[in-house]
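Chemist: Can you keep this structure in mind? I'll have questions shortly.
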Amino acid sequence: MSDDRRTPVSVLGLGPMGRALARALLAAGHPVTVWNRTPARADPLVAEGARRGATVAETVRASPLAIVCVIDYAAARQTVEPAVEALRGRALVNLTADTPQRARAMARWTTDHGIDYLDGAIMTPAPTIGGRDALVLYSGPEPVWQAQRRTLATLGGTATWLGPDPGRAAAHDVALLDVFWTAMSGVAHAFALAQAMGVAPADLAPYARGVVGLVPDLVDDVARRITADDHVADVSTVRSAVAGMSHVIETTETLGLDAALLRAAHARALRVVRAGHGDDDFSRLTQAYAADD
């Protein structure tokens, strides 16, 4: 292993993801210094070979690269601001999840203080870190990315730089989480609806997996249609989707369950129909979401 792959790294924040990051770096041979607001969280990592930093500033000074991974950017700023002088001239990689706007604000703050900055979004669960299934997206100045990419590669899987805009990784993150959490809310609602009708979760699950399995090809098709501005339906239409959603909403409310999630989607689709696009493909809804009320 070359020397640059053994660059000392400091890790700030030792929640499940922070611990996973530190362990992956240790496994790759990097000297790792760790800090957490609750010091006891560092104990297992210290037993595995990490060094404990007494303060954020001390932790940062131990390495040319610091990685911060906490609950949000307010916590990230609160963590690193007391160590701003220690960070000056070093690199800070922020793997905290938050909004693109806050990512850009964080980048401006680091630039003002002479800190090299990359923003990042971890797109896979903590157990994947260090393995081939990990996916981490990065954005920020290319020279910073090029200087840190070999070290960051030890976090496993795929590390992709999305460009110099520091908000680009967070933009991907929030859009992809929109897919995930909206879908998972639908899954939870579907099981609640099925149970209210006497259908056991185990009985529904195989068919639910089949429905979910239709989505990947539809994602590609919607992306193609949006890019080409081609919403001519060749299978089903927004009008038919409105009818299908209406049946689910009626059944849900008849059973006394909350239909707010699907009602919101139904209202947006109905708006497209009333605008004269009912015979278009479902991809037409992307324009409805972008339009002003």
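Every read-out reported here was derived from the displayed coordinates using simple, explicitly stated rules and does not represent laboratory data. Predicted, not measured: the structure shown is a model, and the values here were computed from it. Here the Cβ positions follow ideal geometry from the backbone for every residue, glycine too, while neighbour counts run over all protein chains shown.
Chemist: Please work out the C-alpha center-to-center distance from the range 54-127 to the range 128-143 and express it in whole Å.
Modeler: Their Cα centres are 15 Å away from one another.
Chemist: Using the crude model of +1 on Lys and Arg Cβ and -1 on Asp and Glu Cβ, and no other charge, please compute the dipole size for the chain relative to its Cα centre, in debye to 20.
Modeler: Dipole of the chain, to the nearest 20 debye: 1100 debye.
Chemist: Moving on to the next point. For T251 and A40, FRET efficiency with R0 = 41 Å and r from the beta-carbon atoms, rounded to 0.05?
Modeler: On the way: r = 50 Å, r/R0 = 1.23.
For R0 = 41 Å, the calculated efficiency reads 0.25.
Chemist: Can you give the calculated 222 nm mean residue ellipticity of the chain, where each DSSP H run of n ≥ 4 adds -39,500 (n - 2.57) and the sum is split over every residue, rounded to the nearest 500 deg cm²/dmol? Walk me through the intermediate numbers first.
Modeler: On the way: 13 runs with 151 residues, N = 293.
Theoretical 222 nm ellipticity from helices: -16000 deg cm²/dmol.
Chemist: OK, next. Given the Cα atoms of the range 15-113, and with Rh set as the inverse mean 1/r over their pairs in the Kirkwood sense, what is Rg to Rh to two decimals? Spell out each step's value before the answer.
Modeler: Values: Rg = 13.1 Å, Rh = 13.8 Å.
Radius of gyration relative to Kirkwood radius: 0.95.
Chemist: Next up: Using alpha-carbon positions, what is the distance between the centroids of the range 26-40 and the range 166-184, in Å?
Modeler: The distance from the Cα centre of the range 26-40 to that of the range 166-184 comes to 28 Å.
Chemist: May I ask for the Rg/Rh ratio of the range 6-58, computed from Cα atoms with Rh as the Kirkwood radius, given to two decimals? All intermediate terms of the calculation are to be shown ahead of the outcome.
Modeler: Numbers: Rg = 9.6 Å, Rh = 10.6 Å.
When Rh is taken as the Kirkwood radius, the ratio is 0.91.
Chemist: With label points built 7 Å along Cα→Cβ from the Cα atoms of T55 and R224, find their separation and express it in nm.
Modeler: It works out to 6.0 nm between the two label points.
Chemist: Shifting gears a bit: Taking θ as phi - 60°, what are the ³J(HN,Hα) couplings along the range 175-184 by the Karplus curve (6.51, -1.76, 1.60), each to the nearest whole Hz, with x for Gly and Pro?
Modeler: With the stated coefficients, the range 175-184 comes to 5, 6, 5, 4, 4, 5, 6, 5, 5, 5 Hz.
Chemist: Using the alpha-carbon atoms, what tilt in degrees (0 to 90, nearest 10) does helix 215-228 show relative to the longest principal axis of the chain?
Modeler: Value to nearest ten degrees: 90.
Chemist: Taking amide H positions as placed 1.01 Å from N in the peptide plane, with prolines and chain starts having none, which residues 5 or more places from T158, or on another chain, fall under 5 Å of its amide H?
Modeler: A134, L135, V136
Chemist: Then there is this: Taking 0.36 nm per intervening residue step and subtracting the Cα-Cα distance, what contour gain separates W181 from D258 on full extension?
Modeler: Details: separation 77, 0.36 × 77 = 27.72 nm, distance 1.73 nm.
That pair, W181 and D258, stretches by 26.0 nm at full extension.
Chemist: Over the Cα atoms of the range 122-188, each weighted equally, I'd like the Debye log10 I(q)/I(0) at q = 0.21 Å⁻¹, rounded to two decimals.
Modeler: For the range 122-188, the Cα-only Debye profile gives -0.90.
Chemist: Taking the Cα atoms of the chain, report the difference between the largest and smallest coordinate on each principal axis, in whole Å and largest first.
Modeler: The Cα atoms of the chain stretch 62, 42, 34 Å along their principal axes.
Chemist: Using R₀ = 30 Å, calculate the FRET efficiency as 1/(1 + (r/R₀)^6) where r is the Cβ-Cβ separation of H113 and R149; round to 0.05. The partial results should precede the final answer.
Modeler: Values: r = 23 Å, r/R0 = 0.77.
Given R0 = 30 Å and the Cβ-Cβ separation, E is 0.85.
Chemist: Using modelled amide H (1.01 Å from N, peptide plane; none on Pro or chain starts), what sits under 5 Å from the amide H of G163, excluding residues fewer than 5 places away?
Modeler: G140
Chemist: Still on this structure: What residues have an amide H closer than 5 Å to that of I115, excluding those fewer than 5 places away on the same chain, when H is modeled at 1.01 Å from N in the peptide plane?
Modeler: Here the answer is G89, since their amide H atoms fall under 5 Å of that of I115.
Chemist: Roughly what % of Cα-Cα distances in the range 142-262 sit above 21 Å, to the whole percent?
Modeler: On the way: 4394 of 7260 pairs.
Counting every Cα pair in the range 142-262, those more than 21 Å apart make up 61 percent.
Chemist: Taking θ as phi - 60°, what are the ³J(HN,Hα) couplings along the range 58-63 by the Karplus curve (6.51, -1.76, 1.60), each to the nearest whole Hz, with x for Gly and Pro?
Modeler: Coupling constants for the range 58-63: 4, 5, 5, 5, 6, 8 Hz.
Chemist: Related question: When the Karplus curve 6.51 cos²θ - 1.76 cosθ + 1.60 is applied with θ = phi - 60°, which whole-Hz ³J(HN,Hα) does each residue of the range 94-100 get, with x for Gly and Pro?
Modeler: 9, 9, 7, 7, 5, 8, x
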